[in-house]
1. Give the residues of the stretch 67-122 that are assigned to a helix (DSSP H, G or I) and touching a Ser or Thr at 6+ places or on another chain (Cβ under 8 Å), sorted by residue number.
2. For the stretch 65-108, name all the residues that are closer than 19 Å to Gly11 by Cα and acidic (Asp, Glu).
3. Looking at the stretch 104-120, which of the residues that are acidic (Asp, Glu) and touching a strand residue (DSSP E or B) at 6+ places or on another chain (Cβ under 7 Å) is farthest from Phe162 (Cα to Cα)?
4. When you scan the stretch 143-162, how many residues do you find that are in contact (Cβ under 8 Å) with a residue 24 or more places away in the chain and under 19 Å from Pro112 (Cβ atoms)?
5. Looking at Arg166, Arg61, which is the one that is assigned to a loop (DSSP other than H, G, I, E, B), at pLDDT below 90 and among the charged types (D, E, K, R)?
6. Could you please find all residues in the stretch 87-98 being surrounded by fewer than 17 Cβ atoms within 10 Å (Cβ to Cβ) and of a type outside the set (Asp, Glu)?
7. Which one is modelled with the lowest pLDDT, of the residues in the stretch 36-50 that are closer than 17 Å to Phe6 by Cα, in a loop (DSSP other than H, G, I, E, B) and touching a Ser or Thr at 6+ places or on another chain (Cβ under 9 Å)?
8. Under 8 Å between Cβ atoms, which residue pairs at least 6 apart in sequence (or on different chains) link something in the stretch 109-123 that is over 17 Å from Ile42 (Cβ atoms) and in contact (Cβ under 8 Å) with a residue 12 or more places away in the chain with a partner that is among the aromatic types (Phe, Trp, Tyr) and not in a loop (DSSP other than H, G, I, E, B)?
Amino acid sequence: MSIQQFELYHGAVLARIVRNDRPVTLRLIESKAKQAWAAYIIDDEAVFYMKHNSGGDERKRDHVWTWSFSFNASQLSELHQLQQKRPVYLVLICGQREVGRDWPMEVCLLSPDKVNQCIDVGADSPQSIRVEAPPNRELHVYGPKLQGGNPLLVPRNALDNFGISRKRFPRD
C-alpha cells in the first residue's frame, strides 16, 4: 500500500495529539473524496484544519526557513463554514522534500483568533500565509490581514501545549 504525502504529514500531527497524558477523541470530517481531507474534530469541541507544504526554503544569510500556504476560495469557504460550528485551529505542517535530512520541519498551530488575525476566511479571492522559522526563536507568521509587516509569533511547542480539554482534564 502506498502512502500519500498528506497521510505522512497529517499522521505526524495526529500522533502528537493522541500520544499525550490525557484522553483525546478525534474524528475526520469527511469532505470531497478526490481531495486530501484536511479537517478533524478534536474532543467534539474544536476543529483542526491541516495543510502541509513539503518545500521549505532556506535563506542562506540568516538560516531562516520559510514555507508558504495558499488557500483558494473553496478552502476559505470551508474554513468559514467550519467556524460557524466550532472554533477552528489552523495546523500548518512545514515539511521538507526529503524526510530524514538535517533540515527543520515544524508544526505551526494557529489558534482561532490568530487565524482570523491572519487571513479573511470570508474572502472570495485566494490568500496565503507564510511561516518563517528563525533559529532558536518562535515561528513568525505573515498573512494578508496583518498590518505593518509585523508577524504573529507562535511558539514552536504550541501543538504540544494544546489542550482543548483542559477544562475537563487539567494538565499539571
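The values are calculated or read from the model by the stated rules, or taken from the named source; none is laboratory data. As the structure is a computational prediction, the values presented were derived from the model and not from experiment. No Cβ is skipped: glycine too gets one built from the backbone with ideal geometry, and neighbour counts run over all protein chains shown.
1. Taking the stretch 67-122 as the starting set, the residues that turn out to be assigned to a helix (DSSP H, G or I) are 73-83, 112-118.
Across the stretch 67-122, the qualifying residues are Ala73, Glu78.
2. Correct list: Glu98, Glu106.
3. Of the residues in the stretch 104-120, the ones acidic (Asp, Glu) are 106, 113, 120.
From the residues that got through so far, the ones that are touching a strand residue (DSSP E or B) at 6+ places or on another chain (Cβ under 7 Å) too are 106, 120.
Working: Glu106: 15, Asp120: 24 Å.
Among those that are acidic (Asp, Glu) and touching a strand residue (DSSP E or B) at 6+ places or on another chain (Cβ under 7 Å), it is Asp120.
4. Of the residues in the stretch 143-162, the ones in contact (Cβ under 8 Å) with a residue 24 or more places away in the chain are 143-146, 152, 154, 156, 158-160, 162.
Next, from what is left, pick out any that are under 19 Å from Pro112 (Cβ atoms): 143-146, 152, 154, 158-160, 162.
Residues meeting the conditions: 10.
5. Details: Arg166 fails: assigned to a loop (DSSP other than H, G, I, E, B).
One residue alone meets the criteria, Arg61.
6. In the first step, residues of the stretch 87-98 are kept if they are surrounded by fewer than 17 Cβ atoms within 10 Å (Cβ to Cβ); the result is 87, 97-98.
Listed by number, the residues that qualify are Pro87, Arg97.
7. Trp37
8. Cys118/Tyr142; Ile119/Phe71
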